[in-house]
Every structure is written in C-alpha cells, then in structure tokens.
Amino acid sequence: MTTPDPNFELARDARGVVTLTITRAGVLNIIGTPIIESLTAGLNELARDASVRALILTGSGERAFVGGADIREMVRLNPASARTFIGRLRDLCEAVRRFPAPVIARIRGWCLGGGLELAAACDLRIASADARFAMPEVKVGIPSVIHAALLPRLIGSGRARWLLMTGQTIDARRAFDWGFIDVLADGDALDIEVERAVTDILACGPQVMRAQKALLNAWDEVPLAEGIALSVEALGNAFETGEPARFMGEFIKRKAAEAASRAR
C-alpha cells in the first residue's frame, strides 16, 4: 500500500500471502461508510499487485469477523442515501469477489448481515467453533440484498430462504453442515487450518490459481455452453505461462523416481 490506512492493517509474508485485518470498527467490527470505503480502496489497490499469492481477510479481536453494517448510520438513511450506502457495500463485496488471487475468510465470533455477505464473497471460508452466523436484516425492516444473492448457490435455495426469512442465528457446526463454511476449526486450530489452505494454494502456480478463480467467477454468471467455451480458451492461455511445462515436468520426474525406487 502507498499509505497506511487506520481502518485496516496489512501484513505480508515472504511468500506473498497478505493478511488484511479490519481495525477501528469496535469490538464487533461493525462497518460503516468510512471503513467500507477504506477497505474497498485498499483491496482495489492490492489487486493490482501481481506478487500477492493469497489474501486472508479477518476482523480484529476475538468477538467477531464482521458484526454487520452500522445500524446507527443506516437508521438515518432515506431512499436515495440508502441506495448509495448499499452501493458502497456492494462495491466492497465485489472487490473481494473479483480480487484476482484466492481470498480466505478467517472467521471467529459473530458474522452477521453485511459481514456474512462479505464472507460469502470470499473463495474459502474457515471458521472457529465459536463462530455464529445470521442474516437479521428482516428484523430491522430491510431485506437482505447484494451478495446475499450468493447464498442459494452456496447453501441451496431452501436453506438460503430459511436463513434470510427467519433472521435466526446458526452456529458454526450448522454453517459447516450446510456448506457455507469449508473448514470448521476445533479449539485453537483456526490459524492452523488457514495455513493448511494457504499451503495448498501456494503449492500451485500463481497464474493457474488466478485463472481458476476467474473461471469459477465466470461459471457463476454465464450459461453452461459459454462457460465451457471460456474453459477451452483458459487452458490454451495456461500454456503461455510456462506453468504446465514446469509442474507437469516435476510430476513426471517424481513419478519416475518413485517407480525407480520401487524397482530396486
């Protein structure tokens, strides 16, 4: 980043793994306009850095990933300003969804409303056993919108309807059973599980990982035939990167060495 931002912290390791931690949002990491705009700008700037191999998104403290949008700000909205506010939150979620490298949501504590939508926009979701999830917007007079649209794809239409129309809270085990959470970390193993996912990502080439994410996003949006056609082009483009020759060559050498070892 060119200049530090007080609303989030960035930590980058030598492997190109960046952790973005939301700060200055209170103990429940409630996000209002200043934080939403800061995060969006920071993510868009970071997206231009081709050296980033993976992004871990998390909230500060132990009590929440993101506890939702700022109700104190939202209660003062009118129809026009409400559209502006939700447009900003949409842009933040899109900055995550369109981020070129894989994004991992590291979730502990509360993950509510706009925070759950932010997590849904990530590629992978890893949560601790104390995590809690809800879409309580209907309880305060508004529908769940923007990236709640991802939920039927992630957990199925029936479960998405239940979550959005009851506003009830589900625990981490149910979120895992429903398929919203990819990995449920027991005890203090949250960072161990996050690192395990990062290790798998880094074992692959950076170009193929970005290509795979772009394809996955496209498959969510285009008809099947178009998605297949895009896949053919993506495979051809992969051979321009040099990664297939490298990784396939290493695979062949490894298998040859294993065969030779067994023959001794």
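What the table shows:
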quantity	calculated
Calculated [θ] (222 nm, deg cm²/dmol) that DSSP helices of n ≥ 4 give over the chain, each run adding -39,500 (n - 2.57)	-15000 deg cm²/dmol
Cα-derived Rg to Rh of segment 206-263, Kirkwood definition	1.19
Reciprocal of mean inverse Cα separation for segment 1-100 (Kirkwood radius, Å)	14.2 Å
³J(HN,Hα), Karplus 6.51/-1.76/1.60, whole Hz, each residue of segment 182-190, x for Gly, Pro	7, 9, 9, 8, 7, x, 9, 8, 4
Eligible aspartates and glutamates near LYS213 by straight Cα distance, threshold 14 Å, same-chain separation 8 or greater	GLU94, ASP123, GLU221
For SER144, distant residues with modelled amide H under 5 Å away	VAL138
Cβ-defined net charge surrounding THR58, 9 Å radius [Lys, Arg +1; Asp, Glu -1]	+2
For segment 121-217, Kirkwood radius (reciprocal of mean inverse C-alpha pair distance, Å)	15.0 Å
Rg in Å to one decimal, and Dmax rounded to a whole Å, for the chain via C-alpha atoms	20.0, 78
Helix 243-263 vs. the chain, principal-axis angle (Cα, 0 to 90°, nearest 10)	60 degrees
Convex hull volume per residue in cubic angstrom - Cα atoms of segment 61-108	76 Å³
In order through segment 63-79: 3J(HN,Hα) via Karplus (6.51 cos²θ - 1.76 cosθ + 1.60), integer Hz, x for Gly, Pro	8, 7, 6, 9, x, x, 7, 6, 5, 5, 7, 5, 5, 8, 6, 10, x
Cα-based helix-to-principal-axis angle, 224-238 vs the chain, degrees rounded to 10	50 degrees
Placed amide H near GLY113: partners under 5 Å, 5+ positions off or other chain	ALA134, MET135
Stretch gain in nm, segment ALA82-GLU94, where the contour uses 0.36 nm per residue and the Cα spacing is subtracted	2.5 nm
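The numbers here are math on the coordinates, done by the rules we state, and not lab data. Since this is a predicted model, take the numbers as computed values, not measurements. Note that we place each Cβ from the backbone using ideal geometry, even for glycine, and neighbour counts take in every protein chain shown.
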